[in-house]
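Below is one structure, written out as structure tokens; comments come after it.
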Amino acid sequence: MLARRNWSAIIAAAKIPCALIVLVLSLAGVMQSVPARADRPDFDVIPLTLDRGDGTLIALEVEIASTPLQQQYGLMFVTALADNQGMLFVFPKAAMRSFWMKNTLIPLDMLFFDDAGVLVNSIADVPPRTLSARRSIAPARYVLELNGGSMARFGINGVVRLLLPDSLRSN
């Protein structure tokens, strides 16, 4: 006859090594938790206009990323944007800017603007989930992220200007 086992003792003994393995793997970065959508910071949404320089104005609705937490989170884990939506990163002063797409799930167009809202440079169709740095070529205070392909769809070229509301210019 088989010996009677104390299953609760066996289970309790197994929990310690399993918990230790989970702890070690998480500290090593092997297990990474994905923030839930509920963890996304709140963003103000404002209307924003781009001037193509040829008399054409492009009306957008953008989320404003002005705090370090908002800027760190950005469009991570967003699965879709409407054609006229995007995110405007607003920094306290112009500086060289660098962005990556590690947890960004959709392709984006990135437009870098100086203090006056003049386009510094743009990068079209940045692929999602990449670690390659996307940089401004000159100091930028504002960075606008739109759906990949938006620049081509809107006819945006090197002379586009960001028309900022007073509330953003005074910051």
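Where a number appears in this text, it was derived from the coordinates with a stated rule and is not lab data. Remember, predicted model here, so these are calculated numbers, not experimental data. All Cβ positions, even for glycine, are placed from backbone atoms using ideal geometry, and neighbour counts span all protein chains on display.
Tabulated data
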{"item": "Ranked packing of 40-51, 80-91, 107-118, most packed first, by mean Cβ within 10 Å", "result": "107-118, 80-91, 40-51"}
{"item": "Net charge of neighbours whose Cβ lies under 10 Å from the Cβ of Val62, counting Lys and Arg as +1 and Asp and Glu as -1", "result": "-4"}
{"item": "Relative intensity, log₁₀ I(q)/I(0), of the stretch 37-169 from a Debye sum that treats every alpha carbon as a point, q = 0.14, 0.15 Å⁻¹", "result": "-0.56, -0.65"}
{"item": "Size of electric dipole in the stretch 37-169: Cβ of Lys, Arg +1 and of Asp, Glu -1, about Cα centre, debye, nearest 20", "result": "440 debye"}
{"item": "Sparse-neighbour loop sites [trypsin sites (Lys or Arg not before Pro); the stretch 84-171; at most 12 other C-beta within 10 Å; DSSP]", "result": "Lys102, Arg129"}
{"item": "Cut-off 11 Å between beta-carbons: net charge of the residues surrounding Asn147, Lys and Arg +1, Asp and Glu -1", "result": "-3"}
{"item": "Largest-first ellipsoid semi-axes for the stretch 51-114, taking √(5λ) over the Cα gyration tensor eigenvalues, angstrom", "result": "21, 17, 11"}
{"item": "Length-normalised contact order of the stretch 37-169 in % [C-alpha pairs under 8 Å, at least 6 apart]", "result": "27 percent"}
{"item": "Under 9 Å, Cβ to Cβ, from Gln85 - net charge with Lys/Arg +1 and Asp/Glu -1", "result": "-3"}
